1. Filter segment B:198-230 down to the residues that are under 9 Å from the mean Cα position of the chain (by Cα) and of a type in the set (V, I, T), then identify the one that is surrounded by the fewest Cβ atoms within 10 Å (Cβ to Cβ).
2. Restricting attention to segment B:227-261, which residues are part of a strand (DSSP E or B) and acidic (D, E)?
3. Taking the condition of a type in the set (S, T, Y), without any contact (Cβ under 8 Å) to a residue 40 or more places away in the chain and in contact with a Ser or Thr (Cβ under 9 Å, 6 or more places away or on another chain), does A:T172 pass?
4. Considering only residues that are in contact with a helix residue (DSSP H, G or I) (Cβ under 8 Å, 6 or more places away or on another chain), assigned to a helix (DSSP H, G or I) and aliphatic (A, V, I, L, M), which ones fall in segment B:381-402?
5. Just the residues that are polar (S, T, N, Q), out of contact with any Lys or Arg (no Cβ under 9 Å at 6 or more places or on another chain) and outside any loop (DSSP other than H, G, I, E, B), please, taken from segment A:251-297.
6. Among the residues of segment A:312-322, is there at least one that is part of a strand (DSSP E or B) and within 10 Å of chain B (Cβ to nearest Cβ)?
7. Under the condition of being of a type in the set (F, W, Y) and surrounded by 23 or more Cβ atoms within 10 Å (Cβ to Cβ), which residue from segment B:162-197 is nearest to B:D392 (Cα to Cα)?
Amino acid sequence: MSSEEHLKQTDTEARFEFKKEQKSAFQAEKGLNEETIRVISEDKDEPEWMLQRRLRALKHFQNMPMPTGWPEAPDLSEVDVDAIVPYIRPDVDVRGGVDDWRDLPDEIKDTFDKLGIPEAEKNALSGVGAQYESEIVYQNMQEQWQEKGVVFCDMDKAVQEHEEIVKEYFMTKCVPPSDNKFAALHGAIWSGGSFVYVPEDVTVNMPIQAYFRMNSEGMGQFEHTLIIAEKGSEVHYIEGCSAPKYSAFNLHSGGVEVFVKEDAHVQYSTVQNWSKNTYNLNTKRAIVEKNGRMEWISGSMGSKATMLYPASILKGRGASDNHITIAFAGKGQNIDTGAKVYHNAPETKSTIESKSISKDGGRTNYRGLVHIADGAYNSSTAVECDALMFDNESTSDTMPYMEINESRVDVAHEATVGKIGDEDIFYLQSRGLDDDDAKQMIVSGFIEPITEELPIEYAVELNRLVELEMEGSLG
Amino acid sequence: MSVQIPPTLSAETVREISEDRNEPEWLLEARLDAFEALDDVALPDVIQTPGRRWTNLEALDFENLVDPLNQSDETERVSAEGATVLSFVDALDEHEDLIKEYFGSVVPADTNYLTALSAALFTTGTFIYVPEGVDAEDVKIRAEMNSQTLFSHTLVVTEESSSATILESIESGDDVDGDRYFSNIVEVVAGENSYVQFGSLQNLNEDTYHYTLKRGDTDTYSTINWIEGNIGSRLTRSDVETTLNGDGSETKIVGAFFGHDDQHLDVNARVWHQAEHTTADLVTRGVLDDEARSVYEGVQDVGVDAWNTSSYQRENTLMLSDESEADASPKLIIHNHDTEASHSATVGQVDAEEMFYMTSRAIDPQTARNMLVEGFFVPVLEEIEVDEFRNDLEELVQARLN
């Protein structure tokens, strides 16, 4: 299939909606207790220290309160961790992912074919990891990167093969399980995800991608991503995710830790398209050293409720951050997302650009925090939030928080909210477009600052998803 | 979570205050209800971010701050022709019906712990009534706080097509040993097509903890403009709020603050758009010197029935010292898409280029900085309609700079 044909086929709901019969090699009982965790850890043949970390995280989870009491926060009362299946190991022969799609069972291969992953790999990517339920089933990277010492592997495998590095970085300095209740849950029960290591001065010039697919009803996916970009290196990591819709809720609680060393540059892009019964509660954080640069690009289209605030801790002098987020909430969706930046060193810089669209009773909220510590002189931050509302059933909130402890700074925040412009629509209609096309074109223009940051395949994908949302034909 | 009632307070205290002032039975009942409510209501909401609480109201030691039976103030009131401007006690004689109708109608006593405390214990305050068609210009209330504790309750009622410009100034009079607490509740009920500007300038001494909630309610086509100046106090928590209940009604909330030493100024501006064709403009400008800390929350809440809303918010903070801290959270909560809303906030130092320009004109850096700070407040000063108020605020800013 050519990529053009492939794109033509993308405008069907079926593309994400198909369900596969559940076939698993191992499935944990519903619910969460010490026994579940021991069983999972044993099934993965993990070293003792990882089991201990999981058990410590479980204690935190049990002792921590739900994130309630936040102003206008999504309702999480339906999220009952004891009702989900936390771990499903897909029925494949090779643990840690095969490197040839043909080696996968037909129904899994077919899943990723339909999602267009192998096609994208050929055209635009340096490497691909694909997770089905709780584990990575496919993992491959072009040889040239392997030769340069780049590591891109399944997180479970990294625990075995890169134990020392993982032991040092895994949920220790960046996202400790004590950070929040769902980070603790994640720490207890994580499975799958990616480990990326880029050696000093290596620039990976095409993106690497991981795709996460939940197939089963009532399951939870808890993949962990750990990216270490050594001094002077550069990498662009893309994650995509989707699931078919079920009546019971699914839970996704990923953990992402990124270490951007001196002069390194990491771009982390997410195209989130979970089904509209999924609660998407992630913790994503980067620690950025001297002159390092972190970019978070995310498009949140799916899920029933999302609470996600990617964070950058600008630790070294001259470190910088760039957040670009777009949220699209349709009927029944509550997308509560934003950004957190801690300026902990002088001459650090952050820019946050947030775009949100709410339609058919959907609810978007930008919730963000910028903290400038005492001594972080000559730092600057610019936050811009724009919201577009389609109708009177929808809601759009903007809630930025700024904590400024240093006077030699430049802090600016701006936000606007408005309806789609009648004049703009009228203009386009007078040029022969119908109402729907006019609206779609305006929305495409509205989100362009984000799509232009993505490789063309993903920009097109994001635009298609937005168009599907506009037609109300998704989920 | 409710706060413990100080052991020095009882229903008996409340009765004593009410009886001393020969209040009608309904007011005593209202006070006792407020006292009862203390058990159930919490302190005003304070913003929390991971690991930080922006203002620590829990630390207020009410047992030592609240001395309800020794409240004392000296308040001078200047009326305008055709309007009524009386102390709350005197007004009960002449306008009991109006007070009964509107007291607590905009700020119910059980709004929070501090409003309940005020309703139970207040001894001073002003009642302003402007009849239909009357323009009451330059109404002045100059209050001096002479005791350790003072609770004040002010009620403004404007009838159809009337207007009022009001200046309230609050200072400390007699010296009192130890920490002090001043509570200032203001309710404004703006009748159809009426106009109210309520300006308040607070310059309490720096042993005083200060809480104020000023809230107005607009009828059709009416306007409520607030000007809130905070210069003094040890800690201020100021909430200035308008509910736009009438179609075509408007509000402006203009704030100015200038903190120095280790003052903590928590200033908030909130507007609820509840009707059609309403407009709000929130403008706050603040300067921080030394170790002063400011906290700002601005809320623009557009309700589901608020068609054709315009709502704007700007907040600018100037930091003169490295030891100071400015926290800000401008919030938009939009439930109706037929809205044009925006907000912006900035924090920074005196502009380097402007400084350079001034010094290149042979102005010494200190004078240049002072001129730029005075200039920074101009957008606020321009809003003030009572000349005396404008002059007072300018003088206080100059005094702080020198």
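The values are calculated or read from the model by the stated rules, or taken from the named source; none is laboratory data. Everything quoted here is computed from the prediction, not taken from an experiment. Cβ atoms come from the backbone with ideal geometry, glycine included; neighbour counts cover every protein chain shown.
1. Result: B:T212.
2. As a first pass, look at segment B:227-261 and keep what is part of a strand (DSSP E or B): B:227-230, B:235-244, B:250-259.
Once the filter is applied, which keeps residues that are part of a strand (DSSP E or B) and acidic (D, E), segment B:227-261 yields B:E228, B:D239, B:E241, B:E250.
3. Values: of a type in the set (S, T, Y): yes; without any contact (Cβ under 8 Å) to a residue 40 or more places away in the chain: yes; in contact with a Ser or Thr (Cβ under 9 Å, 6 or more places away or on another chain): no.
Against the criterion (of a type in the set (S, T, Y), without any contact (Cβ under 8 Å) to a residue 40 or more places away in the chain and in contact with a Ser or Thr (Cβ under 9 Å, 6 or more places away or on another chain)), A:T172 does not qualify.
4. The initial filter retains those residues of segment B:381-402 that are in contact with a helix residue (DSSP H, G or I) (Cβ under 8 Å, 6 or more places away or on another chain), namely B:381, B:384, B:390, B:393-394, B:397-398, B:401-402.
From what is left, the residues that are assigned to a helix (DSSP H, G or I) are B:381, B:390, B:393-394, B:397-398, B:401.
Within segment B:381-402, B:L381, B:L393, B:V397, B:L401 qualify.
5. Just the residues of segment A:251-297 that are polar (S, T, N, Q), to begin with: A:253, A:267, A:269-270, A:272-273, A:275, A:277-278, A:280, A:282-283, A:291.
Going one step further and asking which of them are out of contact with any Lys or Arg (no Cβ under 9 Å at 6 or more places or on another chain), we end up with A:253, A:269, A:272-273, A:282-283.
Hits for segment A:251-297 are A:S269, A:Q272, A:N273, A:T283.
6. Pass one, segment A:312-322, residues part of a strand (DSSP E or B): A:312-314, A:320-322.
Applying the additional criterion that residues be within 10 Å of chain B (Cβ to nearest Cβ) yields none.
Looking for residues that are part of a strand (DSSP E or B) and within 10 Å of chain B (Cβ to nearest Cβ), one finds none in segment A:312-322, hence no.
7. Taking the candidates together, the pick is B:F182.
So that you can scan it fast, the table gives a plain yes or no per residue for (1) assigned by TED's automatic domain parsing to the domain that holds A:K349; (2) modelled with pLDDT of 90 or more; (3) closer than 30 Å to B:T317 by Cα:
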{"position": "A:T381", "(1), (2), (3)": "yes, yes, yes"}
{"position": "A:L388", "(1), (2), (3)": "yes, yes, yes"}
{"position": "A:Y427", "(1), (2), (3)": "no, yes, no"}
{"position": "A:E448", "(1), (2), (3)": "no, no, no"}
{"position": "A:V466", "(1), (2), (3)": "no, no, no"}
{"position": "A:G472", "(1), (2), (3)": "no, no, no"}
